[in-house]
1. Cβ contacts < 8 Å: first residue surrounded by fewer than 21 Cβ atoms within 10 Å (Cβ to Cβ) and among the polar types (S, T, N, Q), restricted to segment 17-39; second residue modelled with pLDDT of 85 or more and part of a loop (DSSP other than H, G, I, E, B), any location; separation 6+ or different chain. Result?
2. Among the residues of segment 221-232, is there at least one that is in a strand (DSSP E or B) and under 20 Å from the mean Cα position of the chain (by Cα)?
3. If I filter segment 156-189 down to residues being of a type in the set (F, W, Y) and at pLDDT 95 or above, which single residue comes out as surrounded by the most Cβ atoms within 10 Å (Cβ to Cβ)?
4. Could you name every one of the helices (runs of 4 or more DSSP H) located completely within segment 60-146 that has at least 1 residues being modelled with pLDDT of 90 or more and under 21 Å from the mean Cα position of the chain (by Cα)?
5. Just name the residue that is surrounded by the most Cβ atoms within 10 Å (Cβ to Cβ) out of those in segment 40-72 that are in contact (Cβ under 8 Å) with a residue 40 or more places away in the chain and β-branched (V, I, T).
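The values are calculated or read from the model by the stated rules, or taken from the named source; none is laboratory data. Quantities reported herein were computed from a predicted structural model and do not represent experimental measurements. Reconstructed Cβ throughout: ideal geometry from the backbone, glycine too, with neighbour counts over all protein chains shown.
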Amino acid sequence: MKKNINLQHIHGTRKDGTRYLLAQVGDAKICEQQYYRYYYADILKDNQLCNASILYSDTNVAHLIDARNFNKNIPQGYEETVGNILFSKENIADSKRRGTGYIGKVTKDKQKNQKGIQLVEKVSDISKPEDKQKEFQFSTKEYVRDDGSLFVAQKMHNGYEANGIQVIPFHIFEVLNENGKKVVKRNIVYSERDFFQDPRPGIANDYLSRERLDRKVTEAGGYIGYYDEKGIRTYNPNLVEFFKNRHKVVERTQSNSSQNQKSILLPETKKKRREWVEQFIDDYKAASLNIDGYRFQEENENIQRVITAI
């Protein structure tokens, strides 16, 4: 499964001259609190990216960009605080030391009877409660291929059962130039093994090559198998069919909902399809972020399309 995220990008420059790329790639609601997911990378002098990671914050940068583009009122110092403190190298390093992608927010926690907002003035002002840090403790790893291309992979959890077999879901993000524009491409892939534990160079250069990641979407619904000890690509045919069929269901239900068409089915067929799709929904929930009852918005929308299509 793949998704191109052609959202507003920030090519930020901090006061110290360091530059970074930032793109909002999702959001989530936990206990009625909204959080935002970001692809982040440092920009080197030759415009190459490095230190790619996935970060989480209460602060909605896309809203800030919209406000700036439409000349809406922005609190004084807000943009500077976002770039120089919230997304500072110091704050990001602090979060990573804590073992979390959560970087806090640009404003201080509200005090009783406080009016308006109060911006953080230094990294130590940023509140990072323990419970919030735990929500975003996903193993994340940056890879650089021999051709210089860079991507970041995130293990969403330690695995779930698909067709009777334990698999691990990973989200992979990579910045690409498409039609003259930078887009963040996301691939959702599945494997029986944790490739984070495999140091072989073929993992980045071949197993997770850009061409292969895109090809596996249509060939096997994102299922990528694993490299065995001899470096041979190994697949379970039951999983190939499982994820391939599941991918077709997503495409078909999205197409049907966009065309607002319903096929005529016999009662027995309807029952079997409902049972199958209900199982699919359970598996899809397990494969997406599903901590304390939340999922990222775009995945939740896909599930709703499936439910509507039934």
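1. Every condition considered, the pairs that remain are Q33/D58; Q34/D58; Q34/N60.
2. Yes: one or more hits.
3. F173
4. 61-69, 89-97, 130-135
5. V61
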